[in-house]
Structures are given as C-alpha cells and as structure tokens.
Amino acid sequence: MSEKTSLNYSYYPGCSLHASAGEYDQSTKELFKTLNIGLTEVPDWFCCGATPAHNVDELLSLSLCAKNLELAEKVEGDLAVACAACFSRLKTTQHVLLENDVKRKQVEKAIDAPVKLDGKVKHLLDILARDLGLERLAASVKKPLAGLKVACYYGCLLTRPTDVPNLDCTEAPTIMEKVMESVGAETVAWTHRLECCGANFTLSRPGVVIQLTNAILESAKTAGADCIMVGCPLCHGNLDIRQKEIEGVFSTSYNLPVFYLTQLVGIAAGLSADKLGLDAMIVSPARLLKEKGLM
Amino acid sequence: MKKKKMVISQETMDLDFVRKVEILSDTSVRRCFQCGKCSAGCPMATFMEHPPNRVVRLLQLGQWRRILEGRSIWYCASCETCSTRCPNKVHLASIMDALRKLSWDAHGPSKESYVQLANKLFLQNIRTYGRQYEMRLAAVFNVKSGQFLKDLMLGPKLLAKGKLKMFHSKNKNLSEIEKIFSRIEKMRKKGEAL
C-alpha cells in the first residue's frame, strides 16, 4: 500500500451540523482526528440552499453552491461534505454548470466571478472507504462491532441522481455496508434503504413524513436490525427525533437507535461516548451498546 | 373539484409554456413513452392526483393548467427516484422544479401554500443570516401558518439535548449573499434569465 499518510480536506459541515446535528459534526471531527485525517472548515461558508432553493429557484440554488465551491477553493484539499443534501446539491451544481453553458454564464453573472469546477466534492463515506481505504479503516479498529446488526440507510440523496458522477451505484449501493463490515459489524438486507423519508416536508407536512418514516422503521425492524446507520442529518432528524411520535401514532414499538456513520465507526475506533455525542440521541443507544459489550 | 373534460385542440394546447419548462429543466418531455417507472417508484404518488408519468403526459399535450391547478407538484419530495429510473433520461425531478418555479412566479401563494411558505422562509433566512437556523425557521413557520402548537412537544426534548440553538451569529461576508440575490433579481427584470 502506498504511503498516503497525510490526507487533508477542506470541510463543509452544512447548517444542520451547526444546529440539530451537532453530534454529527463533533463525531466527524473526533473520528478524523483519530484516523489522522486533516479537516479545515471552509471559512464563512453559506447555506447551500438545500431542497427548498432548487424547488422554486434553480438559478439561486446553483449560484449559492457555486459561491460555496469558490469559497472552498481557498482551503487546500478536496471538499469533504457530511450532509447528504449539501453533497447532492454541490455535486449536481458542478455537473449542471459543466454541461450547460447558458446556465454557467448566468451563474457567473450572479456570483460575479468565474465558476471553479475542478475541485472534487466527497462525502465522508467516500473518504473513509476509498481515500483512507477499507484495509486501513479495518486496521484502526480497537473494538470490533461484533454481533451488532446494522441497517444501513442511504435515503434518497446520497446516491442520486444517476447522471451526476456519484458515490456509488444508484440502485444497489454497497459502500455503507462495506464500511460497516470492515469495522466488524453485521449488516442486514432490507427493503427501504433507498426510500425517501420526506425530509423536505418536515415543516410543512409532518403527517406525510410520519407515514414515510414509519415504513422505513418498520422495514428495518422486520429485517432484524439492532440499529440504523445514516449519513444525513435530515434523515436522522426524522428517524430519531420523530421515532417516539411515530410509535405513538401507529401503536407500535421500534426502539431503534439511529447512529451517524461517524459515531459507529468512532465506537469501533475506541472513542468514548462523550466524544461521539451519543447522549444527544433521542432514542438512547445505552442498553444496546451495553448488551453488545461495546460501552 | 369537478372533473373537467379534456379537450385537445390548438386553442387548448399551450406549448410555449411547455417550452419554458423544457428550458428551465434542461430536459425534453417528448422523450417520454409512458412506461410509468417514475410513478411506480415515487414515494409520494399516492398523495398526488396526477402521478409523475401523467404530469409529463399533460405537458406533452400542452395541458399545463391542469397540473398547476392541482397539488401534485407541491407533494413532490424531490427524492429524484423518478429521474434515476427513467429509461429515456427525462429528468422529471427538474421538471417538477421548473413547474414549481413557474407556478410560484405566476400565482403567488397557492392552495398548497404551507409548502411555499416553508420554502420562502428558508430562502429569506439564507438572505438575512447566510445560514439556516432550524429553531428560527420552525418558530416563524408556526407563527405565520397559525399552527402555534405544531411539534411543540418536541421542543423541550430537543433543547435538553442541545439540538436547538437559541443564539446565532451572522456570517461575516453577508453582503456577498445579498449581492447574489439582488443580481439574480436584476437579471430577471432585464429578461436575461428565466
């Protein structure tokens, strides 16, 4: 294996990681420090516009992302993105602006600068599985997650759309499973790993969100999972924060802790619950982790 | 709503509008051969009166008013399953974006204004603060939509877990974001962008 000891990235956390998903931000920084991967936050990054921006104003959405890509150029290294929605938007913007001259000219006018499209945008999964490599990831394990059955939930935006060069196969991705298996966990085969949780409607149509999220939780439970792993703060919000509410509405019990990928890999790397922000989870993982001898 | 019979004639077909949708979404509705894969995979199709494949069919026939009168476009979750599975590369998720934008421009608040309200507040937040602050977004949404008690029970739990930030700072380079918004507005006024 070549000596790629110094991996360094510019880091775009996204708005959620500075608010409701603080533990994702914290566990990412802690895990990357342990794995010796450098992260430097992009100075004064803006919101990428997420789904609401492109929903009603594509030009604005492209301009916001182009501006962020420009800001990211100031920091050395490829751009590491934690949130699936930011990841999808930034990648899509690069793709659209490369393909469509008219839109590129409009965006250049809007941000009053030439757009820079050569920087690489990478999701944390990409960095762990490909840049660091599964072998090195496995070598960093101090506490294998033996016996833990994980349902890997991709949600919608992590692997879409197809025409944009992306993380993994759109319809049958395996990257999350590979990462989990390399740190010793078991993964379950389940039906809803690519279904949408309806994150865009969290505010405006909670009734819809509850139905969609219930189907996901039910599928994971039926497949025999102990917990769910996600790579997106919006999925996490629905699956974790709304889980109690959903159990009430559908008179059922799931009790499925929902981890961020950096939290599970962090546990395997021997990081403490404190450092990974595990007590910020609404559905407590304490009993599960104790049962499996992991905490 | 009573169903109106569809009459297809040169008078009722408005292809100029469809052309605008095609430019905005950078895709062609004429490529669709109605296999229905988009609707089969759509998690929101059960909530729509026109499922995704029918939205495209209506566009092919120039019957866009039927789409904008309904709620389908405001129930699309933008998960992009449709675009991913289309064998003819019709980018349906982008078509939905274009339709929402044109509806927003032409009609202002629609029957489905909660979704628009949420989107609008989201964009306003970016313009004022540079970033999104969920607590602020949710609070203002509840006040403006008159649902003061919505998700109130979640509040204390989230606060206890440190998931809601009461205070936040503005970006230092906030003037740049304001410039982007106003430049886009200017371009639209001059007709340089749709």
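Please list the non-local residues whose amide H lies under 5 Å from the amide H of A:CYS152, H modeled 1.01 Å from N, same-chain partners needing a gap of 5 or more.
Close amide H contacts, sequence-distant or interchain: A:VAL188, A:MET229.
Among the listed pairs A:LYS143/A:LYS290; A:LYS149/A:LYS221; A:LYS91/B:LYS172; A:LYS29/A:LYS67; A:LYS178/A:LYS290; A:LYS91/A:LYS120, give every one whose C-alpha distance is greater than 18 Å.
The answer is A:LYS91/B:LYS172; A:LYS29/A:LYS67; A:LYS178/A:LYS290.
Projecting each Cα onto the charge dipole of chain A (Lys/Arg +1, Asp/Glu -1 at the beta carbon, about the Cα centre), which of A:LEU212, A:PRO144, A:ASN68 comes out farthest on the positive side?
A:PRO144
Using only DSSP helix segments of four residues or longer, with each worth -39500 (n - 2.57), what per-residue ellipticity at 222 nm results for chain A after dividing by its residue count and rounding to 500?
Value at 222 nm, helices only, nearest 500: -12000 deg cm²/dmol.
List nothing, just return the count: lysine pairs in segment B:1-152, 8 or more apart or interchain, with Cα separation under 20 Å.
Counting lysine pairs in segment B:1-152 gives 13.
DSSP loop GluC sites (Glu not before Pro) in segment A:1-102 with at most 16 other Cβ atoms within 10 Å of their Cβ, which ones? Spell out each step's value before the answer.
Working: sites: A:GLU3, A:GLU23, A:GLU30, A:GLU41, A:GLU58, A:GLU70, A:GLU73, A:GLU76, A:GLU99; in loops: A:GLU3, A:GLU73, A:GLU76.
Counting only loop positions with at most 16 other Cβ atoms within 10 Å, the GluC sites (Glu not before Pro) in segment A:1-102 are A:GLU3, A:GLU73, A:GLU76.
Starting from the Cα gyration tensor of segment A:134-291, multiply each eigenvalue by 5, take the square root, and state the resulting semi-axes largest first in whole Å.
Each semi-axis is √(5λ); the values are 24, 20, 14 Å.
Scan segment B:129-180 for trypsin sites (Lys or Arg not before Pro) in coil per DSSP, keeping those whose Cβ has at most 13 other Cβ atoms within 10 Å, and list them by number. Mind dumping the intermediate values first?
Values: sites: B:ARG131, B:ARG136, B:LYS144, B:LYS150, B:LYS157, B:LYS161, B:LYS163, B:LYS165, B:LYS170, B:LYS172, B:LYS179; in loops: B:ARG131, B:LYS150, B:LYS161, B:LYS163, B:LYS165, B:LYS170, B:LYS172.
Passing sites in segment B:129-180 are B:LYS170, B:LYS172.
Please get the size of the charge dipole for segment B:15-107, origin at its Cα centre, with Cβ charges of +1 on Lys and Arg and -1 on Asp and Glu, quoted in debye to the nearest 20.
Around 260 debye, computed over segment B:15-107.
At most 16 other Cβ atoms within 10 Å and a DSSP loop assignment: could you name the trypsin sites (Lys or Arg not before Pro) in segment A:107-148 that fit?
Those that pass, being in a loop and sparsely packed, are A:LYS116, A:LYS120, A:LYS142.
Give me P(r) over the protein assembly as shown, computed from all C-alpha to C-alpha distances, binned every 20 Å, as integer percentages.
23, 58, 18, 1
Which cross-chain or sequence-distant (5 or more) residues have an amide H under 5 Å from the amide H of A:GLU41, H modelled 1.01 Å from N in plane?
Distant-sequence amide H within range of A:GLU41: A:TYR11.
In segment A:7-123, with Lys and Arg counted as +1 and Asp and Glu as -1 at Cβ, which of these residues, A:LEU31, A:ALA19, A:THR93, has the Cα nearest the positive end of the dipole, that is, farthest along it?
Checking the options against the dipole of segment A:7-123, the answer is A:THR93.
If R₀ is 35 angstrom, what is the calculated FRET efficiency for the pair A:GLU76 and B:GLU178, using the beta carbon separation as r and rounding to 0.05? Before the final figure, lay out each step's value.
Working: r = 29 Å, r/R0 = 0.82.
In this case the efficiency is close to 0.75.
Want the number for A:ALA172 to A:ASP112: 0.36 nm per residue separation, take away the alpha-carbon distance, what's left?
Result for the pair: 17.6 nm of gain on full extension.
FYI, it's all coordinate maths here, none of it is from the lab. On a predicted model such as this, the values are computed, not experimentally measured, just so you know. For neighbour counting, all protein chains shown are included, and Cβ atoms are generated from backbone atoms with ideal geometry for every residue, glycine included.
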